[in-house]
1. Using the count of nearby Cβ atoms within 10 Å as a rough guide to exposure, how do 36, 147, 94 rank from fewest to most?
2. Determine the relative contact order of region 6-152: mean sequence separation of Cα pairs under 8 Å and six or more apart, normalised by residue count, in whole percent.
3. With 19 Å as the cut-off, how large is the P(r) tail for region 6-152, expressed as percent of Cα-Cα pairs?
4. Exposure proxy check: 41, 51, 70, 155 ranked by fewest other beta carbons within 10 Å?
5. Could you work out how far helix 50-61 tilts from the main Cα principal axis of the chain, as a 0 to 90 degree angle to the nearest 10?
6. Rounded to whole Å and sorted largest first, what semi-axes of the equivalent ellipsoid does the C-alpha gyration tensor of region 88-157 yield via the square root of 5 times each eigenvalue?
7. How much of the DSSP bridge set in region 32-157 is antiparallel, in percent, rounded to the nearest 5?
8. Give the residues of region 14-54 whose amide nitrogen is closer than 18 Å to a point set 7 Å from the Cα of residue 144 in the direction of its Cβ.
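Here, each number is a calculation from the coordinates, and none is a lab measurement. Just so it is clear, the model here is predicted, and its values are computed rather than measured. Every residue, glycine among them, receives a Cβ derived from its backbone with ideal geometry; neighbour counts consider all protein chains shown.
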Ligand SMILES: Nc1ncnc2c1ncn2[C@@H]1O[C@H](COP(=O)(O)OP(=O)(O)O)[C@@H](O)[C@H]1O
Ligand SMILES: [Mg+2]
């Protein structure tokens, strides 16, 4: 399997306990080979590195305004322009109800977005496609500079 293929990056090529540089390098490589459409969820506590990884993925995708890729404080949904179509970045941390999700036009976003990256996806898990790539990040109890990375994804080439 080619070292830069999606399947490799999601499997043996995914670092287990990356420092920030390795996590970002992996995210950029992943962003560069993502299929369209694609949904990626990012789970993990505050500070686990979800937004850091989203930003790296966006760099790999080719988002030019990379400084715009932050944890949205007031908006739940942000959109970034990229060469092969827009990237939607959702952070559902502040979502208060399913009704609010509906008001955001969530189902249309899920169906229509070429790339959808979702932090705090718990609220929306039922609405996501079966081939969603689930990324889980956690603090490494043994090393504050590293994060534990796990991926649950359908088999992909
Ligand atoms: N190995 C690592 N991977 C990702 N972030 C790290 C790592 N080590 C330290 N950090 C820091 O942890 C913080 C993660 O913040 P952020 O990505 O906003 O988390 P989240 O979106 O999960 O709340 C950043 O300040 C980042 O620099
Ligand atoms: Mg965040």
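1. Least crowded to most crowded, the residues run 36, 94, 147.
2. Result for region 6-152 is 32 percent.
3. Details: 5230 of 10731 pairs.
Result for the distance tail: 49 percent.
4. Details: 41 23, 51 18, 70 13, 155 8.
Going from least to most buried by this count: 155, 70, 51, 41.
5. Helix 50-61 sits roughly 80 degrees off the main axis of the chain.
6. 25, 17, 9
7. 40
8. Under cut-off, by backbone N: 18-21, 45-49.
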